[in-house]
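Taking it in order: structure first as structure tokens, then the write-up.
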Amino acid sequence: MEITWYGHSCFRLVERGLATVVTDPFDHNVVGYEALKLKADIVTISHDAPGHNCVSAVKGTSHIIGGPGEYEIGGVFITGVQTDVQGKKNGDRPRNTLYVFDYNGLTIAHLGDLRQVPPQAEIEALGTVHIALVPVGAGGALNAAKAAEIVSLLEPNIVIPMHYATPASKLDLDPLSKFLKEMGLGEPSRQASLSVKRASDLPDETRLVVLDYQSG
């Protein structure tokens with residue numbers, strides 16, 4: 001399994017012999033970063049906004065998933081869970097869907113623009129999460145403190161932050177340093193992508209992995 005970040009909330013998940021997934025492709029004119037030129041079998045959309053739903057930026061797609069449900073495509077099991085509560089306060093906000101991807105028992109959760117920490121029962125319903133892709137920069141999603149809280153509840157083996165300020169982003173987001181401070185961490189080393197062979201290879205204690213955004 002190889003996980004690559006292309007900026008904002010967009011990742012590509014690749015495993016040999018199984019379907020390739022791209023999450024939350026963005027309109028670079030709105031978000032910044034370089035224009036995406038990706039190929040994938042599946043595109044998932046956490047919510048209907050230009051920073052997360054630019055399906056035209058991904059070629060070769062046979063399946064587009066934009067809401068809750070259970071799906072099995074190309075050997076990948078995908079569970080979409082709606083996370084927000086619609087009400088007077090949130091009625092004008094697009095509904096967010098988080099996705100859990102199961103690649104032969106290795107699970108990756110993409111939290112989309114999750115805004116509030118879900119109740120413990122909803123967290124437990126997700127099952128084991130090995131790798132969590134977590135928004136940390138506020139701007140309509142979790143701020144640093146809430147992101148740190150959900151990490152402590154999920155207890156993933158690996159956390160990869162997303163949706164935060166970078167030199168390439170045009171959006172008004174908090175920097176990664178706020179999340180690192182909440183987690184009690186110093187400046188981490190960065191890497192181009194994350195490669196994992198199997199769940200048993202993952203660390204027992206939660207580890208933070210910071211990816212450099214790649215050009216699409």
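Worth a mention:
- A search for C-beta distances below 6 Å between a residue of the stretch 142-158 that is closer than 15 Å to D204 by Cβ and without any contact (Cβ under 8 Å) to a residue 40 or more places away in the chain and any residue that is hydrophobic (A, V, I, L, M, F, W, C) and in a helix (DSSP H, G or I), counting only pairs 6+ apart in sequence or on different chains, returns nothing.
- Residue pairs whose Cβ atoms lie under 6 Å apart, separated by 6 or more positions or on different chains, with the first residue in the stretch 119-138 and surrounded by 15 or more Cβ atoms within 10 Å (Cβ to Cβ) and the second of a type in the set (D, E), are G137/D174; A138/D174.
- Exactly one residue among P68, P50, P25 is surrounded by 23 or more Cβ atoms within 10 Å (Cβ to Cβ), free of Cβ contacts under 8 Å to residues at least 60 places away in the same chain and on the phi < 0 side of the Ramachandran plot, and that residue is P25.
- Restricting the stretch 135-146 to residues that are farther than 15 Å from H47 by Cα and aliphatic (A, V, I, L, M), the residue that is farthest from the chain's Cα centre (by Cα): A145
Any read-out appearing in this document is the output of simple, stated calculations on the displayed coordinates, not a laboratory observation. Fair warning: this is a prediction, and the values are worked out from it, not measured in the lab. Virtual Cβ from ideal backbone geometry, glycine too; neighbours counted across all protein chains shown.
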